[in-house]
Amino acid sequence: MTDVAAEEDSEYLAQFGYKQELDRSLGRFSSFAAGFSFVSILTGVFMLFGFGFGASGPAFWWSIPVVAGGQFLVALLFAEVTSRYPLAGGVYQWAKNISRPFPGWMAGFLVVLAICVGSAPPAISLQVILPHIWSGFQVFGGADDIGTYATPNGAKNAVLLGAILIVLITIINIVGVRLMALLNNIGVFTELIGCTLLIVVLFAHTTRGPGIVLSTAGAGGGTAGVIGALLVASLFGVSIYQGFDAAGALAEETADPRRSAPRAILRAVAASALLGSLLVLAAQMAMPDILGSNNLELIASQGLPYIVLATLGPVLGTVFLICVAVSMCACALAVQAAGIRMVFGMARDGRLPFGKALSTVNPKTRSMIVTSLVMGVIPLGLLVVNLGNSQLFSTLAAIGSVLFYIAYLIVTVSMLVKRFKGQWPGPDHGPYFNLGKFGLPLNIIAVVFQTIVLVNLVWPRAEIYGDSAWYYRWGAFVFVGVMFLAGTGIYLYLDKKNRRQAGESDGVAREPLTPVERPVAVETD
């Protein structure tokens, strides 16, 4: 990155009232890697394959093209908005600048919660892989607990492995963005190569045709039962294809972000959709006889690791499982990194408690040390509090997805309102990513898609939230409702505090506090 280009990026950033504090050292691949590793197709498929297969048999494959296609529409909208607002905080900044401070704050607050909740699943998913690689990773329990967190001992072991990983990635994020990007790039490169080779090898071991994806293998009963089973199975894709906005969240650390960030977001979703579709298809064409006496139950309980080991043998299968473990670590690292930027972006606007500490950038490491520690301690606390609770994991994954979809919906609805008013994209958008005349219809379809998915996701199903206690069954409604009320209270308190500090007593809402005085916006394109 040349000094002239760096100066232009800094000048554009200054138009929003911010000075360049972060290390703008990420290139195009690193930007793509942030979004791709957040989605992490290997992590998602290996973690949730058993869930999807158990819900509707091989037909759960259809959740990938359907959900990924809908999310690609959302990604197109995100690409358009990040080309105008390439700021740390992503979703928060987009909603705040398109709409009003409160919707922006709520979108950011929900994503922070989603990441705190969602940092646990990628970490505890190591339980699905590591004990298959070496039995020594199964510290708690015995043979029946290997590769699963559905048993009490399996859940305990998942918490242990997840806690170790969270500590490690927190240290990496504290050291700085360069180390984080290097390790994340290695993880993404390993995932891309490993996933591609695994697809090729599985296709080489096929025992049946692609028509297998039209079968439910007996899941559901009658038409309504099959439809219900497919709706449950669709949550497989819903839980995977989220977080691709991470490429935009790291925009202030990316060179030429108005060009590179939009492309990175779209490439992350497209690559994940292609690899995910092929991987699940290849696995189902190569897996052992699903109608065998025990195979159906084993596939549903142990998922893709069982298929890989049973199909490829212990040696080659273990090699691919190691690649998966690396991708899971990269996923957890990217998730936390995105959360740190979100908290930083909100804190420097005076929109979080202890904002000064949370927005402080260490001059040596160019990292947010306090924020990194906070984003490490909260997921650790969630794991420890729920130690040994196997129902925790599916509940956390579902609630995390609910929070993401609501936050994304705030952005896309805000864009749709602006489009109806003829105010988006504005004349100051610049010669960057623009959907043009296709923007309005694509925006409408994306909002409808997100709404349908959200309703399906929050539905109080026993398959997702359990049926042992009402607070699990209605967990999404309870958690989101409580957090919305708490978040509204926090926002009102901080807004009043900010206005009081600014010497305003007339009750008129004001823009968030920023580190430097906001100059008059002038395009530099």
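Readers should treat all values here as calculations from the given coordinates under stated rules, not as data from a laboratory. All values derive from a computational prediction rather than experimental measurement. In this analysis, Cβ positions are derived from the backbone assuming ideal geometry, glycine residues included, and neighbour counts consider all displayed protein chains.
Summary of values
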read-out	value
MRE, 222 nm, helices only [DSSP H, n ≥ 4, -39500 (n - 2.57), over the chain, to nearest 500]	-23000 deg cm²/dmol
Charge dipole (debye, nearest 20) of region 26-501; +1 at Cβ of Lys and Arg, -1 at Cβ of Asp and Glu	1880 debye
20 Å cut-off, amide nitrogen to a point 7 angstrom out along LEU197 Cα→Cβ, residues in region 312-350	312-331
Environment charge of LEU266, counting only residues whose C-beta is closer than 15 Å and scoring Lys/Arg +1, Asp/Glu -1	+3
Protection proxy ranking of 68-76, 452-460 - average other beta-carbon atoms within 10 Å, highest first	68-76, 452-460
Spatial separation of Cα centroids for region 37-81 and region 106-168, in angstrom	20 Å
Packing rank of 154-164, 8-18, 36-46, 170-180, where each peptide gets the mean count of other beta carbons within 10 Å, highest leading	36-46, 154-164, 170-180, 8-18
Karplus-derived HN-Hα couplings along region 401-414 (A = 6.51, B = -1.76, C = 1.60, θ = phi - 60°), whole Hz, x at Gly and Pro	5, 4, 5, 4, 5, 5, 4, 4, 5, 4, 5, 5, 5, 4
Peptide ranges 307-319, 53-65, 186-198 listed from the most packed, as the mean C-beta count within 10 angstrom indicates	53-65, 186-198, 307-319
Summed residue charge, Cβ within 11 Å of TRP94's Cβ, Lys/Arg positive, Asp/Glu negative	0
Inter-site label distance for GLU8 and VAL315 at 7 Å from Cα along Cβ, in nm	5.4 nm
Computed E for LYS19/LEU214 - FRET, C-beta separation, R0 41 angstrom, nearest 0.05	0.10
Area projected by the alpha carbon convex hull of the chain, averaged over all directions, nm²	24.1 nm²
Relative contact order for the chain, counting Cα pairs under 8 Å that sit 6 or more residues apart, in percent	31 percent
